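**Q** Provided herewith is a single structure, encoded as structure tokens, for subsequent inquiry.
What follows draws every value from the coordinates through simple rules; no lab data is involved. Here the structure is a predicted model, which means the values were calculated and not measured. Because the Cβ atoms are built from the backbone with ideal geometry, glycine has one as well, and the counts that use them run over all protein chains shown.
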Amino acid sequence: MTSSTELVTILTTWVSIALLLIITLKLWPSVRLDNFRQSMFALRDEMFDFAANGNISFNDPAYVLLRKSMNGFIRYAPNLTFFRMNLTLFYWNVFSKLPETKWSESWNDAMTRIADENVRRQMQMFHQRSMQLVAKRLVLGSPILIGLLTCYAIQYGVFNITEAVGRSLAKFIDPKILEEEAARVAA
């Protein structure tokens, strides 16, 4: 017969495991989602302030495109997981329905129309930072990608997390396709 101490130990172990599962499977993903959205909102607000200071027009195609992209990523955030992206890529490859990259072409065209080099550079930085947020959301939400990221960082000597995330993500998912999906969702 087991002693009461053993029963208490078993009970506390199972309660601890249950709490750990709840935190890991329910609460942590919700916190990550809220953090991503808040970071993207803050970046979008920073870009708004940049335009409000007279650096770029609110009607400029580059501003409009990037704002729509950010709004799409905010809305599309629950789908920005490694598992869902793999399902989407699988569907596209099986049914040959890879989306066109109209957004990227429009973005590049809009960037060439910006006369001021400093404004162009700042808009590129806003775009780069939004894509870094997306990359971090995808990669750091997947234990598989975290493992691959660690191997990649060790193999290539990349110890800057942002650089490693960007490089490793580009090996799996074309960022142009992510931008296209965000633009589709924002429309």
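**Q** Just to confirm the number: angle between the C-alpha axis of helix 117-140 and the first principal axis of the chain, 0 to 90 degrees, nearest 10?
**A** 20
**Q** Would you be so kind as to identify which of Leu87, Asn53, Ala42 lies farthest towards the positive end of the dipole of region 1-113, taking Lys and Arg as +1 and Asp and Glu as -1 on Cβ and the Cα centre as origin?
**A** Positive-end residue among those listed: Leu87.
**Q** Ranking Phe41, Phe58, Phe36 by Cβ neighbours within 10 Å, fewest first, what do you get?
**A** The most exposed by this proxy come first: Phe58, Phe41, Phe36.
**Q** Which is the longest run of the chain containing none of the trypsin sites (Lys or Arg not before Pro) found in DSSP loop states (not H, G, I, E, B) with at most 15 other C-beta atoms within 10 Å?
**A** Working: sites that count: Lys97, Arg113.
It works out to 1-96.
**Q** Moving on. Mind checking the angle between helix 61-76 and the chain's longest principal axis? C-alpha axes, 0 to 90 degrees, to the nearest 10.
**A** The angle comes out at about 20 degrees.
**Q** Beyond 23 Å between alpha-carbons counts as too far, so tell me which of Lys68/Lys102; Lys26/Lys68; Lys26/Lys97 fall in that bin.
**A** Exceeds cut-off: Lys26/Lys68; Lys26/Lys97.
**Q** Out of Gly72, Gly141, Gly54, any idea which swings most in a Gaussian network model of the chain, alpha carbons joined below 10 Å?
**A** The residue that fluctuates most here is Gly54.
**Q** Relative to the present Cα-Cα distance, how much length would full extension add between Gln38 and Glu117 at 0.36 nm per residue of separation?
**A** Extra length from Gln38 to Glu117 when fully extended: 25.5 nm.
**Q** What does the charge dipole of the chain about its Cα centre add up to, to the nearest 20 debye, if the Cβ of each Lys and Arg holds +1 and the Cβ of each Asp and Glu holds -1?
**A** In debye, rounded to 20, the chain gives about 260.
**Q** Within region 68-85, list the residues whose amide N lies under 19 Å from a label point set 7 Å along Cα→Cβ of Glu105.
**A** Zone members listed by number: 69.
**Q** Could you give the length gained by full extension between Asn86 and Asn55, i.e. 0.36 nm per residue of separation minus their alpha carbon distance, to one decimal place?
**A** 7.3 nm
**Q** Would you look at the GNM of the chain, springs on alpha carbons closer than 10 Å, and say which of Ala18, Ala153, Ala135 moves the most?
**A** Of Ala18, Ala153, Ala135, the Gaussian network model singles out Ala18 as fluctuating most.
**Q** Once fully extended, how much extra length lies between Cys151 and Met125, figured as 0.36 nm per residue of separation less the alpha-carbon to alpha-carbon distance?
**A** Full extension from Cys151 to Met125 adds 6.6 nm.
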